[in-house]
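The values are calculated or read from the model by the stated rules, or taken from the named source; none is laboratory data. Predicted model only: the values in this text are computed from it and were never measured. Here Cβ is always computed from backbone atoms with ideal geometry, including for glycine, and neighbour counts include all displayed protein chains. Just so you know, the surface numbers come from the protein's heavy atoms only, side chains and all, with ligands and any DNA or RNA stripped out. Shrake-Rupley method; radii C 1.70, N 1.55, O 1.52, S 1.80 Å.
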Amino acid sequence: MKIYIMKFKKITSSHSENFNEIWELYESSFPPDEKRDFEKQVKIFCKEPYTFYAVYNKDLLIGIMDIWNLGKFVFIEHLAVKEKLRGQGFGTKLLKDFIIQRNKKIILEVERPNTNAAKIKIKFYEKQGFKLNKYNYIQPPYNKDKNSVPLFLMTYPKAISKSEFSKIRKKIHATVYECEKPYLGIN
């Protein structure tokens, strides 16, 4: 049995220890439309209620996670494990440790199950107790040079109603994406 000792280290600037390795993982793990540009990311490192973590097993960087503490729920904006470490249980341990530390609903966005990779990610989260909510959800563009992305929300520990979904979407879009009203894909 492997022993993992997860350590969540808060990243507060681009001058943080191992930042180049951390940023490389962020850049390589997400499609361009599903992440911030460097300049925009640097501006939000210390913004409340945002937290960016580098996750270590002992002294080895294994992944990254950035979250928004949005009152009644926590929104996981990004979660990634280094590619060479995937399939070794690190993602499961990282997520389980995170869930144990929180005593509230956890929300995250996932790509719609149109590809094998998307289906695998959804199954991974379902194994951790997350529920797929098939309400129409669109991630707003991060800036004018990026596109919106049709996604679904997954929730822990249980699925949400349509009215809960509407409130959660409104809060995420206002806080994370700085939208005046929920983004519905219509300009």
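For the range 32-48 and the range 61-137, what is the centre-to-centre distance using only Cα atoms, to the nearest Å? When both Cα centres are located, 19 Å separates them.
Before I look further, what does the chain give for accessible area per residue, probe 1.4 Å, in whole square angstrom? Don't skip to the answer; put the middle values down first.
Working: 10370 Å² over 187 residues.
Per-residue value: 55 Å².
Among ILE122, ILE62, ILE100, the largest mean-square fluctuation in a Gaussian network model of the chain (Cα springs under 10 Å) belongs to ILE100. For LYS10, the aspartates and glutamates whose Cα comes closer than 12 Å to its Cα, not counting residues fewer than 8 places off in the same chain, are ASP66. Straight-line cross-link partners of LYS146 among the lysines, defined as a Cα under 17 Å from its Cα and at least 8 positions apart when in the same chain: LYS35, LYS40. Counting only Cβ charges, +1 for Lys and Arg and -1 for Asp and Glu, the dipole size of the chain around its Cα centre is about 960 debye.
Over 32 Å apart at the Cα level, from the set LYS2/LYS162; LYS82/LYS131; LYS104/LYS134, are LYS2/LYS162. Of the labelled figures (i) 10, 38, 35, 12, 4, 1; (ii) 8, 37, 40, 13, 1, 0; (iii) 9, 36, 35, 17, 3, 0, only one reflects P(r) over Cα pairs in 10 Å bins from 0, in percent as derived from the coordinates, namely (ii).
Specify whether the C-alpha gyration tensor of the range 115-187 places it in the rounded, prolate or oblate class, a ≥ b ≥ c being the square roots of the eigenvalues: rounded for a/c under 1.5, otherwise prolate if a/b is larger than b/c and oblate if not. Oblate. Which whole-number percent is the relative contact order of the chain (Cα, under 8 Å, 6+ apart)? Relative contact order of the chain: 17 percent. Surface composition of the chain: carbon and sulfur make up 51 percent of the accessible area, probe 1.4 Å.
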